[in-house]
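All remarks here apply to the structure that follows.
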Amino acid sequence: MFGGEVTQVAIFVILVFAVPWIVGPWLPQQPSNRWEAIASFVPGVWAPTFIAIMMIGWTAGWPGLRRELKARLRYASGAGGWLIVAVSAPALVTLTGVVAARMGGKEQPFIPAAAVGDVVVNALVTGAVGEEFGWRGFVLSRLDRRLDPPTAALVMAALWTLWHLPIFLFPDSPYSTWPLIPALLTLLSFGVFMGSLFYRGEGSVLPTILAHLTLNVSLAIGGAPLSSPVLWWTAAVAYPVLAWRIFQRGDPVRAARTCNDAKT
């Protein structure tokens, strides 16, 4: 059961797409405080990690799960520079988009400094951490066994983007005010960017967690409304360039072999 890589990815995608529809009716529909808001997000955004752990445990048992967790959560020797890139690149891209939006007349106050801590906590307990082991650690490492690194990253990013699509379609969703096309293209290109960091980190999700966390926090800090197309188009253009440059450095094939050390 769950034998080949393609089968494993297909089952993962089916399950992770189904979770929001299954658990959605049981979650707070109109959160009245921060903790209810977090509770409304956690089951969906942590589903990729829970499903990946379940599938690895089923196919490889506890030894295989322990081996894969060790491979995905380790710090790769010499990867410190890529951890810096994981933080600095999304911060600079968002800052550039905010400045461009404000120059075009789309301004919004920055959040108070005292609120930044709450933003970081929210990001840590939601998608910035909850999605990475599943989408990058599980899906990308298995696509990599069939595809070259850039193609595997693109396929993973496309699936990840489609998984986000429903949140843009509900009229009461906070994402419904975002410009759909540039926002989805940003998700796609940012997914490829995170894929490139996964390879440079030799199969560790630590760089992708940092990148995802930085993106979410930098967007939440404000400065420009998230309804600004300029903000999203800036990111949609920047991340493919960054990903291409990262894939051009070093040897992604060597990194791909390393990320598959935990093959079950």
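Taken together, the values in this text are just the output of simple stated rules run on the coordinates, not laboratory data. This one's a predicted model, so the numbers in the text were calculated from it and none came from an experiment. FYI the Cβ positions are ideal-geometry reconstructions off the backbone, even for glycines, and counts take in every protein chain you see.
Which order do the peptides 5-15, 127-137 come out in when sorted by mean C-beta neighbours inside 10 angstrom, highest first?
On the way: 5-15: 16.3, 127-137: 25.5.
So the peptides 5-15, 127-137, ranked by packing, come out 127-137, 5-15.
Relative to the longest principal axis of the C-alpha atoms of the chain, give the angle of the C-alpha long axis of helix 5-23, reported between 0 and 90° and rounded to the nearest 10°.
Approximately 40 degrees, to the nearest 10.
From Cα coordinates alone, what are the radius of gyration and Dmax values for the chain in angstrom?
Computed over the Cα atoms of the chain, radius of gyration and Dmax are 18.1, 56 Å.
Round to the nearest 10 and give me the degree value, 0 to 90, for the angle of helix 80-103's Cα axis relative to the longest principal axis of the chain.
With both axes taken from Cα atoms, the answer is about 30 degrees.
Rank by packing, highest mean first: peptides 139-151, 96-108, with packing defined as the count of other Cβ atoms within 10 Å averaged across residues.
Values: 139-151: 20.3, 96-108: 16.5.
Going from most to least packed, we get 139-151, 96-108.
Which one, Gly64, Val119, Leu188, is farthest towards the positive end of the dipole of the chain when Lys and Arg carry +1 and Asp and Glu -1 on their Cβ?
Gly64
Considering the chain as a Gaussian network with a 10 Å cut-off on Cα pairs, which listed residue, Pro43, Pro90, Pro174, attains the greatest mean-square fluctuation?
Pro174
Sum -39500 (n - 2.57) across every DSSP H segment of at least 4 residues in the chain, then divide by the residue count to get the 222 nm mean residue ellipticity, nearest 500. Don't skip to the end; give the middle numbers.
Details: 11 runs with 181 residues, N = 264.
So the helix-based figure for the chain works out to -23000 deg cm²/dmol.
Students often get this wrong: which residues of segment 218-252 have the backbone nitrogen under 12 Å from the point 7 angstrom along Cα-to-C-beta of Leu180?
none
Arrange the peptides 201-212, 56-67, 162-173 so that the one whose residues have, on average, the most other Cβ atoms within 10 Å appears first.
Values: 201-212: 25.2, 56-67: 14.8, 162-173: 12.9.
My ranking of the peptides, most packed first, is 201-212, 56-67, 162-173.
Please list the non-local residues whose amide H lies under 5 Å from the amide H of Asp144, H modeled 1.01 Å from N, same-chain partners needing a gap of 5 or more.
For Asp144, no residues qualify.
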